[in-house]
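I have placed the structure first, in the form of structure tokens, so that the comments after it can refer back to it.
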Amino acid sequence: MKKIGIVLLTLCVLGLCIGVASAKPVWIDTLTLSYSADNGATWQSVDGSLAPGFKLYSATPIPQNEFYWLDVGTLDPIPDVGSYPFFLKTAPKGPYFKYWATRGVTADAALAWQVQMWKIINGQEPMFYLTCDETTCHLTDGLLTWAGQPTALLQINKDYFVGTYHFIGDVGGARTYIKLFFANP
């Protein structure tokens, strides 16, 4: 069975304010991540911390599910209530678009979800959201949010294309960059 590993190398917040309705930028001091291989029935912490980054190499095969779920464990401080979109800025080198073409996700895709996913993998629509209420935040899936499921957690295909992904978003007035590395251990 295939296993996928995820490494969140860095998350850094730079004080670039761009007209978001927030009193001041949100500087993230603490971040932990969790993952599930069983649709959220059990959660495990992702090793690491904000400064050096996070590493996840799952030893749990996914016999029945097609996905891993990735979520925020803790975040401090909690930004204002809202959903903060994160867009793909750069994709891995190599046959990234061939990977998606095997799923029907191309510039001339026929199905609505494929058209939307094409926009997502080209950085035109959010890949995921940091969705916060008064006390907690979650990573919610961009495609599933578009499909009318705004609380669906971020799903990662178990055979996701390996490589480095760069995401960019705005959290409470602060430009936020996330760098994710996916690898098969």
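The values are calculated or read from the model by the stated rules, or taken from the named source; none is laboratory data. All values derive from a computational prediction rather than experimental measurement. Reconstructed Cβ throughout: ideal geometry from the backbone, glycine too, with neighbour counts over all protein chains shown.
If a residue must be assigned to a strand (DSSP E or B), closer than 14 Å to Tyr68 by Cβ and aliphatic (A, V, I, L, M), how many such residues does the range 133-182 contain? Break it down into steps so the answer makes sense when it comes.
First pass over the range 133-182, keeping only residues assigned to a strand (DSSP E or B): 137-141, 153-157, 163-171, 174-182.
Still in the list and also closer than 14 Å to Tyr68 by Cβ: 139, 141, 153-157, 180, 182.
Keeping just the survivors that are aliphatic (A, V, I, L, M) gives 139, 153-154, 156, 180.
Of the residues in that region, 5 qualify.
Note on the range 104-140: among residues that are without any contact (Cβ under 8 Å) to a residue 24 or more places away in the chain and among the polar types (S, T, N, Q), the one that is farthest from Leu31 (Cα to Cα) is Thr106.
Criterion applied to Gly94, Gly104, Gly123 was being among the small types (Gly, Ala, Ser), surrounded by fewer than 16 Cβ atoms within 10 Å (Cβ to Cβ) and in contact with a strand residue (DSSP E or B) (Cβ under 8 Å, 6 or more places away or on another chain), and the one residue passing it is Gly94.
When Leu143 is tested against the conditions (1) buried (at least 17 other Cβ atoms within 10 Å of the Cβ); (2) free of Cβ contacts under 8 Å to residues at least 24 places away in the same chain, the lone failure is (2).
Looking at this structure, is Leu130 modelled with pLDDT under 90, part of a strand (DSSP E or B) and either in contact with a Phe, Trp or Tyr (Cβ under 7 Å, 6 or more places away or on another chain) or over 20 Å from Thr176 (Cβ atoms) (or both)? Steps first, please.
Values: modelled with pLDDT under 90: no; part of a strand (DSSP E or B): yes; either in contact with a Phe, Trp or Tyr (Cβ under 7 Å, 6 or more places away or on another chain) or over 20 Å from Thr176 (Cβ atoms) (or both): yes.
Taking the combined requirement at face value, the residue does not satisfy it.
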